[in-house]
Amino acid sequence: MAHRSLVLASLRRGLRRWWRTWRVVVLVFGFAALSVFAFPYLPDRYDPSTPIDLTTEATFVTPLKLARINRSYPACVNAVRAAGFKVEADTIDSSRPGCGMAQGLHLKQSNFVYAGGGSIRLTCPVMASLVRWELHVVAPLARKHLGSEVARVVHFGTYSCRNVNGALTGRLSAHARAEAIDIAGFILADGREVSLLRDWDGGGDKAAFLRAVRDGSCDVFRTVLSPDYNERHRDHFHFERGRWGICR
């Protein structure tokens, strides 16, 4: 038995060494084999080689497709327009280092009307996230919790050349790069209003809707801040791409 155990242990160590040495080659050839034999027969939403369709639900290959449009401005613009958003190419110049937007989009029309915070001017990857947020988070949750469509979104703005929380010193906000949007509430097609300031702490359908939107938004944006985060966000959601994920 002891001899058998030693043989098995030696075999396991050998397999681990072999895997560490050859795993990259195995993965590359495996992916190549899938590309040849499997991908041609996969639906586009499961095929990482096809362009992303922002109107479909996310799958396990969605992060790969999002990474592609994050790197390619033309591919990103095409994806946003294919989803039905009317946008124009946009740039924002700034004399302050770190502020401005070299290549972005100005939203002209989407599924909702945005009111209260000026024009929606965002980098293309954030605009793509906004497409997914409208289609896969807000619209279905409004129907589920409130039995109505959303007509308008009340927002506090996108671009602003300022530091985090408007402080005099410190690091620049994502708003300074047009990589964030602040959402204050919603106006439904039946005329009802949903406000974070008034309804977040309520116990009814509006509060349930807002909390579901916060949770669902975390699947679309890397950084999601709500009234649960701190007092400064008592009246709005803050959404941004962010480098580090936080959902609070």
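The values are calculated or read from the model by the stated rules, or taken from the named source; none is laboratory data. Small disclaimer: the values here were computed from a predicted structure and weren't measured. All Cβ positions, glycine included, derive from the backbone under ideal geometry; neighbour counts span all protein chains shown. The accessibility values were calculated without ligands, DNA or RNA, using every heavy atom of the protein model including side chains. Shrake-Rupley method; radii C 1.70, N 1.55, O 1.52, S 1.80 Å.
Scan segment 206-217 and give yes if some residue there is part of a loop (DSSP other than H, G, I, E, B) and free of Cβ contacts under 8 Å to residues at least 24 places away in the same chain, otherwise no.
No, that holds for no residue.
Based on what the data block shows, is Ser226 farther than 26 Å from Ala58 by Cβ and at pLDDT 95 or above?
Here the answer is no, as Ser226 does not meet what is asked.
Take Gly104 and decide whether it is of a type in the set (Gly, Ala, Ser), buried (at least 20 other Cβ atoms within 10 Å of the Cβ) and touching a helix residue (DSSP H, G or I) at 6+ places or on another chain (Cβ under 8 Å).
It is true that Gly104 is of a type in the set (Gly, Ala, Ser), buried (at least 20 other Cβ atoms within 10 Å of the Cβ) and touching a helix residue (DSSP H, G or I) at 6+ places or on another chain (Cβ under 8 Å).
Looking at segment 106-113, is at least one residue among the polar types (S, T, N, Q) and either part of a helix (DSSP H, G or I) or modelled with pLDDT under 95 (or both)?
no
Taking Asp182 and the conditions (1) touching a Ser or Thr at 6+ places or on another chain (Cβ under 7 Å); (2) open to solvent by less than 50 Å² (accessible area, probe 1.4 Å); (3) closer than 22 Å to Asn70 by Cα, which numbered condition does it fall short on, given that it satisfies the others?
(1)
When only residues in segment 228-239 that are open to solvent by 30 Å² or more (accessible area, probe 1.4 Å) and free of Cβ contacts under 8 Å to residues at least 40 places away in the same chain count, which is nearest to Leu196 (Cα to Cα)?
By that ranking, first place goes to Arg234.
In segment 156-167, what residues are surrounded by fewer than 20 Cβ atoms within 10 Å (Cβ to Cβ) and touching a residue at least 40 places away in the same chain (Cβ under 8 Å)?
Phe156, Gly157, Cys161, Asn165
Being among the β-branched types (Val, Ile, Thr) and part of a helix (DSSP H, G or I) is the filter; apply it to segment 54-70 and report the residue that is farthest from Ser173 (Cα to Cα).
If we take residues in segment 54-70 being among the β-branched types (Val, Ile, Thr) and part of a helix (DSSP H, G or I), then Thr62 is farthest from Ser173 (Cα to Cα).
Could you give every pair whose Cβ atoms fall below 6 Å, whose first residue belongs to segment 77-101 and is at pLDDT 95 or above, and whose second residue is outside any strand (DSSP E or B) and acidic (Asp, Glu), counting only separations of at least 6 or pairs across chains?
Once the first residue is at pLDDT 95 or above and sits in segment 77-101, its partners that are outside any strand (DSSP E or B) and acidic (Asp, Glu) give Gly100/Asp93.
Run Ala115 past the list (1) surrounded by 19 or more Cβ atoms within 10 Å (Cβ to Cβ); (2) closer than 27 Å to Arg192 by Cβ; (3) of a type outside the set (Phe, Trp, Tyr) and report the number of the one that doesn't hold.
So the condition that Ala115 fails would be (1).
Quick one: what pairs do we get from segment 129-155, first residue on the phi > 0 side of the Ramachandran plot, second open to solvent by 10 Å² or more (accessible area, probe 1.4 Å), C-beta under 9 Å, 6+ apart or different chains?
As it stands, the answer is Gly147/Asp190; Gly147/Asp205, since those pairs meet every condition given.
With Arg211, Arg177, Arg171 as the choices, which residue is within 22 Å of Ala79 (Cβ to Cβ), open to solvent by 60 Å² or more (accessible area, probe 1.4 Å) and of a type in the set (D, E, K, R)?
Testing whether each residue is within 22 Å of Ala79 (Cβ to Cβ), open to solvent by 60 Å² or more (accessible area, probe 1.4 Å) and of a type in the set (D, E, K, R) leaves just Arg177.
Could you list, in sequence order, the residues of segment 71-91 that are part of a helix (DSSP H, G or I), surrounded by fewer than 17 Cβ atoms within 10 Å (Cβ to Cβ) and not hydrophobic (A, V, I, L, M, F, W, C)?
Arg71, Pro74, Asn78, Arg81
On the basis of being open to solvent by 40 Å² or more (accessible area, probe 1.4 Å), under 26 Å from Gly242 (Cα atoms), of a type in the set (D, E, K, R) and modelled with pLDDT of 95 or more, does Arg143 make the cut?
no
If you check every pair at least six apart or on different chains, which have Cβ atoms under 7 Å apart with a residue in segment 114-127 that is farther than 9 Å from Gly157 by Cβ first and a residue that is open to solvent by 30 Å² or more (accessible area, probe 1.4 Å) and of a type in the set (Val, Ile, Thr) second?
Sorted first by the residue in segment 114-127, then by its partner, the pairs are Ala115/Val154.
When you go through Val153, Val131, Val137 one by one, which is the residue that is hydrophobic (A, V, I, L, M, F, W, C), assigned to a strand (DSSP E or B) and in contact with a helix residue (DSSP H, G or I) (Cβ under 9 Å, 6 or more places away or on another chain)?
Only one candidate qualifies: Val153.
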